[in-house]
Amino acid sequence: MRIMLKSLLKQTVDKVYCIHLERRLDRLEYITQEFKKYGILDIVEFWPATPSVDTCVGNNITTSCSSFETACATSHINIIKHAKQNNFKSVLIFEDDVRFEEEVFTPGYADKKGENPSKRWLKSDPVEYLYNALTQLKKIEWDMFFLGYRLPNKLTNEEINYKEISKNIFQATNIYNAHAYIVRDTAYDIILKNSPIGRRAIDKFYAEYISYKIRACCIKPMICSQLPGLYSDNAKKELTNSWIRKNIRRFYSETSWFLEKEFYRNNKRID
């Protein structure tokens with residue numbers, strides 16, 4: 001029986017939000033189709049992104065964030081503030097360039113000729129991985145759960161405090177990017193009390209401070225990335241996808257049993 005993302009999310013979180021800057025019609029067109037594809041458009045509430053201004057909060061030009069970073073952080077913080085005010089147990093926050101990944105990395109295998117082809121990347125169902133991870137999540141204590149992330153490749157597992165929790169979950173610090181994550185009410189206060197608005201980009205705040213203070217977990221493999229080619233107001237450039245496969249490959253999980261069965265039948269193990 002196929003797992004439906006809509007029912008899965010409704011059982012897991014109180015609200016699903018997508019931060020969207022109203023003037024970016026290209027992003028609205030894209031994300032509408034992406035949510036329709038997975039049958040969740042009608043349960044997603046589009047949260048108007050805070051527009052950027054020329055300076056950071058309080059016109060403090062000594063802050064280490066840009067106006068776009070301040071606006072982005074404000075949007076995320078306002079959702080969490082809203083969640084706390086409404087006594088939501090947990091909320092899922094998307095940004096409007098999120099993309100569900102439909103390939104999984106399978107290490108250590110080659111085709112019959114002994115080569116290492118693109119077959120290392122197999123088609124997969126991100127909803128299946130999410131279902132497995134959320135089932136495992138019920139058995140542990142956690143505060144934030146990232147469906148998409150970027151952990152610096154230059155840092156070792158020891159340096160990011162990597163800890164494998166279960167087959168599809170690991171805990172870590174230095175978790176960058178905030179395009180797809182669930183936050184529980186257990187994390188609301190520490191986030192709001194130490195709000196990064198006007199001081200730090202939201203993902204840097206999560207990565208460099210919050211992840212050290214709470215139980216921040218990630219799904220493996222990563223199931224949410226960001227659509228390459230879209231212009232980012234925050235980064236002031238088009239996004240690339242070089243980091244996406246690096247993170248999926250670094251933090252892979254075993255493929256599902258039906259993928260394994262077909263793949264192992266036609267391929268051989270290599271060292």
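Worth a mention:
- Exceeding the 28 Å Cα-Cα cut-off - candidates Lys138/Lys213; Lys10/Lys123; Lys84/Lys154; Lys89/Lys163; Lys139/Lys220: Lys84/Lys154
- Karplus-derived 3J(HN,Hα) values for segment 177-190, using 6.51 cos²θ - 1.76 cosθ + 1.60 with θ = phi - 60°, are 6, 10, 8, 6, 7, 9, 10, 8, 5, 5, 10, 4, 4, 5 Hz; glycine and proline are entered as x.
- Nonlocal amide H pairs with Glu103, under 5 Å, H built at 1.01 Å: Ser124
- In this structure, Trp121 and Ile3 have a Cβ-Cβ separation that, at R0 = 22 Å, corresponds to a calculated FRET efficiency of about 0.50.
- Cβ-based exposure ranking for Thr135, Thr186, in which fewest neighbours within 10 Å come first: Thr135, Thr186
- Residues whose amide H falls under 5 Å from that of Cys18, counting only those 5 or more places apart or on a different chain, are Glu45, Phe46, Trp47, Phe94, with hydrogens built in the peptide plane.
- Inter-label distance, Ile190 to Thr135: 2.9 nm, where each label sits 7 Å from its Cα along the C-beta direction.
- Summing charges over neighbours of Ile191, with a neighbour being any other residue whose Cβ is under 14 Å away from its Cβ, gives +4 when K and R count +1 and D and E count -1.
- The stretch between Lys213 and Arg245, if pulled fully straight at 0.36 nm per residue, gains 8.7 nm over its current Cα-Cα span.
- Seen from Ile79, the other residues with C-beta closer than 14 Å to its C-beta sum to a net charge of -1, counting Lys and Arg as +1 and Asp and Glu as -1.
- Placing dummy labels 7 Å off each Cα toward the beta-carbon, the span from Ser166 to Tyr252 is 2.3 nm.
- Segment Ile43-Glu159, extension gain: residue separation times 0.36 nm, minus the distance between their alpha carbons: 38.0 nm
- Approximate spin-label separation Glu102-Arg23, in nm, with each point projected 7 Å along Cα-to-Cβ: 3.3
Just so you know, all these numbers are worked out from the coordinates, no wet-lab data involved. What you are looking at is a predicted structure, and each value in this text was computed from that prediction instead of being measured. Ideal geometry is used to build each Cβ from the backbone, glycine not excepted, and the neighbour counts take in all protein chains shown.
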